[in-house]
């Protein structure tokens with residue numbers, strides 16, 4: 001009985017060694033990504049609107065970009081009239097994340113610009129808290145987004 005088991009074991013191992021049981025199927029190849037059409041990488045400035053600040057009370061202004069399909073690469077605040085004191089600028093992205101842009105805080109005077117980079121993210125809402133300085137006229141600030149076209 002032992003010799004029969006031994007003979008069967010020898011036959012199966014020699015058969016296994018003669019055939020290739022280490023066969024592994026090849027990985028399926030990934031389909032190639034289609035090439036993106038050349039956009040020209042031109043930065044176009046789109047206006048979201050303007051805000052007119054109050055004298056004594058800070059007010060919150062909300063801007064909603066009309067199209068979420070465009071990635072914003074920068075935000076720009078342009079002083080159109082008077083001086084406006086920007087207390088805070090918050091960006092709500094398409095995924096719900098809210099980011100405070102500290103580099104846009106401060107006073108914006110007429111014909112001056114403040115910019116911040118957004119790194120190509122989808123912008124859902126822009127919230128700005130602003131107030132005018134006590135001396136002079138009420139400040140008007142235009143809010144722009146830079147998108148690639």
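Only the coordinates and a few stated rules stand behind these numbers; no lab work does. Computed from a predicted structure; not experimentally measured.
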Could you work out how far the C-alpha centroid of region 95-125 sits from that of region 70-86, in angstrom?
-> 7 Å
For region 41-148, calculate the relative contact order in percent as a whole number, restricting contacts to Cα pairs under 8 Å that are 6 or more residues apart.
-> 48 percent
